[in-house]
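Notes for the one structure printed next.
The values are calculated or read from the model by the stated rules, or taken from the named source; none is laboratory data. Predicted model only: the values in this text are computed from it and were never measured. Virtual Cβ from ideal backbone geometry, glycine too; neighbours counted across all protein chains shown. Keep in mind that these areas ignore ligands, DNA and RNA; they rest on the heavy atoms of the full protein, side chains included. Shrake-Rupley method; radii C 1.70, N 1.55, O 1.52, S 1.80 Å.
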Amino acid sequence: MKIIICGAGQVGESIASHLSQEENDVTIIDQNQERLRKVLDYSDVSGVEGLASHPEVLKQAGIEEADMIIAVTQSDEVNMIVCQIAHSIFSTPLKIARIRSQSYLDPRIEKIYNSENLPIDYKISPEQEVSIAVSKRLQIPGAFDVGDFLEGRLQLIGLICEEDCPLLGVSTRHLRDLFPDLKMNIIAIIRLGEVIVPRDGKEKMEAFDRVYFVCDSTQVSRCMLAFGHEEKTANSIIIAGGGEIGKNTVEILNEKMKELNISIIENNRDQANILAEVFTNISVINGDALDQDILTEAGIKNAETFVSLTNNDEVNILSALLAKRSGAMRAITLINKPSYIPLINTLGVNSIISPAQITVSSILSKIRSGSIKSIHSIIEERGEVFEARALESSNIVGKPLKSLKLPKSICIGAIFKGNNMVIPKGDTIVDVNDIIVVFAEKKSVKKLETILSIRMDLI
């Protein structure tokens, strides 16, 4: 497939890397020569320097032969114009734009996004996606990662096996014997930087393992308790950073966790005043989240959770560490630079939010084949969890799973037969139209194409 990506920032770079690894013909456009060179050095893609909204630049990138264009520049307006030009002049089949401003996402103007007005096939809002991810982590304390599948009926949970975890030394096979009525399945374990797919049931859990499991959404609390995570939902949180992400997060929390006591620390006085006018029910403090006195004023000693959502990675990391040292029980931090993530995992921060990873997963879920509905990348993008429908042509349909000899790097976590969730066993048979939730290591995503007999890369 011929794909053009406009914008060589962190999101554009991640998308280019993903799609080029799947043997697509990718060209990336950016005005910044240094950013462009960085992408070209690390990914097998072509590059064009210039403003993406200029038709001659798009033509130089090969827009006339492109199957899709993904506009993820820093400017909403440029992204919109790119899609308009791609549609009106070059008839590009699929157009995706990143839209950051909430004004452009107002439901009242939704009708403008069509082929007659503004031809954007899919809109991606990093701020909204990240805010939703933050709220999910807050609603399931003890989890460092949370993903929803089948419209919320199934949840993917990532947690750490602490030193006092009651399941240390217990094999994944024995786990089913201990909790026979628990609809839960471990699909991946990250240990010392390596991914383990516990397919044979022999793998035993060890201290500090990062465990990913899928479970019935009604049994999340019981699953967390089984691993020794008894953390209660926070009654009070402090958010550092009152930009769009912080503002959206507060709006979601006000709706879903009405009794929550929220404080916001915002360094910009004008923005702090705006927040105080919009949210009359929360405490807004104008100050620096790295200032101990400001943290004390915000009530850090009595706050269960500190969430750092500024646009500065270094401030987010340091404020999270300072908050924990000052009394916060949990710290969630937003990190834009992927290179920081392995380091932060060793510093005691409980959960990391990666806007680039979230946005990439959202974009990929829009452009995969029609059988793929949801995609969730696990920590450090070491693998992906898919929600897929079993087609009549799928090789796995009508056969016991044990006879398929699936690669060890792929694990079917759950199967939904209508409304019934099934934890797969060796004799489980997949029927046509069953919904499958499956994990694959990054290196094995392409293998799913053969297994499911569908185009897993792109349509």
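Results for (1) over 21 Å from Gln10 (Cα atoms); (2) touching a Leu at 6+ places or on another chain (Cβ under 8 Å), shown as yes or no for each residue.
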site: Asp44; (1), (2): no, no
site: Ala61; (1), (2): no, no
site: Met68; (1), (2): no, yes
site: Val78; (1), (2): no, yes
site: Ala86; (1), (2): yes, yes
site: Ser101; (1), (2): no, no
site: Asn114; (1), (2): yes, no
site: Lys136; (1), (2): yes, no
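The set of residues in region 219-229 being in contact (Cβ under 8 Å) with a residue 60 or more places away in the chain and either more than 13 Å from Cys161 (Cα to Cα) or open to solvent by 30 Å² or more (accessible area, probe 1.4 Å) (or both) consists of Val220, Gly228. Tell me, yes or no, whether region 31-45 has at least one residue that is surrounded by 17 or more Cβ atoms within 10 Å (Cβ to Cβ) and of a type outside the set (A, V, I, L, M, F, W, C). Taking every residue of region 31-45 in turn, at least one turns out to be surrounded by 17 or more Cβ atoms within 10 Å (Cβ to Cβ) and of a type outside the set (A, V, I, L, M, F, W, C).
Among the residues of region 85-114, those that are hydroxyl-bearing (Ser, Thr, Tyr), open to solvent by 30 Å² or more (accessible area, probe 1.4 Å) and over 30 Å from Ile245 (Cα atoms) comprise Ser88, Ser91. Note on region 303-332: among residues that are open to solvent by less than 30 Å² (accessible area, probe 1.4 Å) and small (Gly, Ala, Ser), the one that is farthest from Phe144 (Cα to Cα) is Ser326. Meeting the requirement of 3 or more residues that are free of Cβ contacts under 8 Å to residues at least 12 places away in the same chain, the helices (runs of 4 or more DSSP H) wholly within region 268-341 are 269-278.
Screening Ala234, Ala188 for residues that are in a strand (DSSP E or B), surrounded by 15 or more Cβ atoms within 10 Å (Cβ to Cβ) and either touching a strand residue (DSSP E or B) at 6+ places or on another chain (Cβ under 9 Å) or among the small types (Gly, Ala, Ser) (or both) leaves exactly one candidate, Ala188. Select from region 241-259 the residues that are over 24 Å from Asp291 (Cα atoms) and of a type outside the set (S, T, N, Q) and write down the one among them that is least open to solvent (accessible area, probe 1.4 Å). Of everything passing the filter in region 241-259, Leu253 is least open to solvent (accessible area, probe 1.4 Å).
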